[in-house]
Amino acid sequence: MFAVEAKSFGGPEVLIPVEMSDPVAGPGQVVVDVAAADVMFLDVRLRGGWGRDFFPIEPPYVPGGAVAGVISSVGEGVDPGWIGKRVATATAASGIGGGLPIGGYATRALAKEQTLAEIPDGVDDIRAAALVHDGRTSLMVAEQARFRPGEWVLITAAGGGLGTLLTQWATAAGASVIAAAHGEAKLALAQRLGAKVVVDYEEPDWVDRVREATGGVAVVLDGAGGPIGTAALRVITPGGRFLGYGNAAGGFVDNPTEYAAAHGITVRMLLEMTKDDLDWQSLGRRPLAEAAAGRLEVVVGQTFPLTDAAAAHAAIESRTAIGRTILTV
C-alpha cells in the first residue's frame, strides 16, 4: 500500500510518501480501504516532537488517527457483514484519553470493530472523516456545558473544526454565541453558522469588546488555550462555566483553578471530561445523523491529496486553515 511517514521529528518536510506492506486485520480488527483521512492539529504538534511524555511516538511512523472508507477485510471474531460497508472510524492505535493517533495517512488502515460507525446516506467520506474526532468531542463538550437559552457563550478558535460544530450546537440549544477567531474569513464563517457577535482575538481590545457586547459570558468553550484562553476565563460572570479542550494558541490554560475558585466558576479540562463514563459510540453516531439530516454543517475548509500531507500540515501551522483539513485518496 501507499502511505505517508514522518521520517523524523521536524517541519512538514519530514512527511514522506512511501510504499509499505498491506495491513492484516488481527482479532477484533478490520482493514479499511481509505477514501479520506483526518488531519488534526495534534498531528502537527506530534510531528514537531511535542507531547512525547503523553504520546510515546518514535519516527518513522504513519500519522493520522481517523479515516473514512470501505471495509475490505475483517479479522477473527468480527462480523463478516462489515465487508463492503462504508464506515468512519478511529484507527486501531488511536483512542480517547489514550492511544496513539497513528496509521491513518495511508491507502489502507487498521481499525477496531468497536469504533466503527456506518456512514449514512447523504454524508460523503470527506465529511465523515472530519466528524470522527470532532463530532463526538464537540457533542461531549456541548452536553457538559449544559447550555441554557439566552445565555452568552464565548467560543475561542471558533473557525476550527471543533469551533464550527460547537457554534451550531450552542445556537441550536438557544444560547447566544460570541465567536473569537483570527481573520475575516473565519469570523464570517462563524456568523454564518449562527454566532451573534464575532471578535478577532489578534486585536488588542478583543476582551473589552466581549465585555461590551455581553456584559460577561456564562460559558467559555476554549479551543485556543494559552494567553487567549486565560483572557477568556476572565470574562466569565460569577457562577459560570469554563470548558477547555484545545491548545491552538500554544498550550492549555495554565492553572485556571485559583481564579475560578475565587469567582465561583466551574472548570472542566479535556482530560477530566474524557474520564467520565461516556457512550462514545452514541456520541459519534449522532453528529453523523445530524449531518445526514442537514441539521449540522461539517466545515471542511481544505482538502489535499494524500501525497500532499506536508502541504496540509503547513496550512494548519500557518493558521490559514478553516474548519477541518482532510487528505483524500
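Some observations on this one:
- Of the residues examined, V153 is one that is among the hydrophobic types (A, V, I, L, M, F, W, C), within 17 Å of T230 (Cα to Cα) and at pLDDT 95 or above.
- The helices (runs of 4 or more DSSP H) found entirely in the range 212-329 that carry 1 or more residues being outside the structural domain of V62 (by the TED database) are 226-233, 257-262, 270-274, 280-292.
- Residues of the range 72-97 that are at pLDDT below 95 and either on the phi < 0 side of the Ramachandran plot or of a type in the set (S, T, N, Q) (or both): S94, G95, I96.
- In the range 231-259, residue surrounded by the most Cβ atoms within 10 Å (Cβ to Cβ) [restricted to those that are among the aliphatic types (A, V, I, L, M) and at pLDDT 90 or above]: A232
- With respect to (1) in contact with a Lys or Arg (Cβ under 9 Å, 6 or more places away or on another chain); (2) surrounded by fewer than 18 Cβ atoms within 10 Å (Cβ to Cβ); (3) not aliphatic (A, V, I, L, M), the lone exception for T307 is condition (1).
- Residues (in contact with a helix residue (DSSP H, G or I) (Cβ under 8 Å, 6 or more places away or on another chain) and either more than 20 Å from D134 (Cα to Cα) or not in a strand (DSSP E or B) (or both)) located in the range 179-195: L189, A190, L193, G194, A195
- Contact map, the range 76-88: residues that are closer than 17 Å to D125 by Cα paired with residues that are surrounded by 13 or more Cβ atoms within 10 Å (Cβ to Cβ) and modelled with pLDDT under 95, Cβ distance under 8 Å, separation 6+ or inter-chain. Pairs shown: A88/G284.
- Subset of the range 1-17 [touching a residue at least 24 places away in the same chain (Cβ under 8 Å), under 13 Å from P63 (Cβ atoms) and touching a strand residue (DSSP E or B) at 6+ places or on another chain (Cβ under 7 Å)]: A3, V4, E5, A6, K7, V14, L15, P17
The values are calculated or read from the model by the stated rules, or taken from the named source; none is laboratory data. Just so we're clear, the structure is a prediction, and the values are computed from it rather than from any experiment. Neighbour counts are summed over all protein chains in view; Cβ atoms, including those assigned to glycine, are modelled from backbone coordinates with ideal geometry.
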